[in-house]
1. Which residue, 176, 283, 36, tops the fluctuation ranking in a GNM of the chain built on C-alpha contacts under 10 Å?
2. Mind listing P(r) for region 219-351? All alpha-carbon pairs, 5 Å bins, whole percents.
3. Once you have the Cα-Cα distance between residue 301 and residue 33, take 0.36 nm times their residue separation minus that, and quote the gain in nm to one decimal.
4. Rounded to the nearest 5, what % of the DSSP beta bridges within the chain are antiparallel ones?
5. How far is helix 38-56 tilted off the main Cα axis of the chain, in degrees rounded to 10, range 0 to 90?
6. How much space per residue, in cubic angstrom, does the convex hull of the C-alpha atoms of the chain take up?
7. In percent, what relative contact order does region 186-347 have, based on Cα pairs under 8 Å that are 6 or more apart in sequence?
8. Give me P(r) over region 1-48, computed from all C-alpha to C-alpha distances, binned every 10 Å, as integer percentages.
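We did not get these values from a lab; they are worked out from the coordinates using the rules stated. None of the values given here were measured: they were computed from a predicted structure. Positions of Cβ are generated from backbone atoms using ideal geometry, with glycine treated the same way; all protein chains shown enter the neighbour counts.
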């Protein structure tokens, strides 16, 4: 923990200005109540306050290394009393010695100076006490800020770990599906299997370029989704249709990477797999100054029993949105009239 005054240029300037004001105040009081030459009064005020300003910086160290929380109150008080006596003794001896040396010929002033040793020491002790209290407040505030920063770092690490866990659950799911699709084509249609392998390689290489919690423009993220759909379309052919309706305002809106992947996987698994008719997966979005709403929908036949899933994909999307945006994001899904719809509300990030 650095010195709260010398460690910051702004604090040094403020500290110097405060002592300058104290010196001016002392000089004005001396001028009205004492009858010594102006040069003597100015020198007295500047010398005594400049010395105290320098020695007052030392009060930080007993405050820093003798915290009340780690020692008994009696020990801390005695330690500060001893430190204060040492600082006051040095200050008084230096001040009296320097001023006596400078104004030896001013007998009235030197007599006055020697008579004021006691009250100078008392006033200095009071100021020293104020400095110690200020240092304790600053020290406690610095510790509080450090504790808050540490908590934020820990929260960030936990959030990243949770995001990585969610992503590690999503990626194998997609990979296994793709490998199963390739396996089913190796014997019946080797050329299409080869094309799927190439597309899968390009898709994975592209997705690994980004960090797990990185934000990318929507257009970039949907480009990745289209690669995935192209992989699946090799297997399903005309049975899988997809449409994208993206406005120019939405294209540059930042979204978390791989956030839509589980939604399209679910649409294919629970609709395209089971249906004998073509299934259309639609993506649309709308945005304003603060939010973007993205909607992924797909047809399904209510009469066909759906494969019972774990709900992992939708829950992962919801948890990622909560971790990324806290209470400002939202995920909602519903199935009605043969259409399953997932809506995601993305707040705008000002980064």
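1. 36
2. All Cα pairs considered, the percentages come to 2, 10, 20, 23, 21, 13, 7, 3, 1, 0.
3. My answer for the length gained is 86.5 nm.
4. Roughly 80 percent of the beta bridges in the chain run antiparallel, per DSSP.
5. Once rounded, one gets 40 degrees.
6. Per-residue hull volume (Cα only) is 216 Å³.
7. Reported relative contact order: 20 percent.
8. Histogramming region 1-48 at 10 Å steps yields 26, 37, 23, 13, 2 percent.
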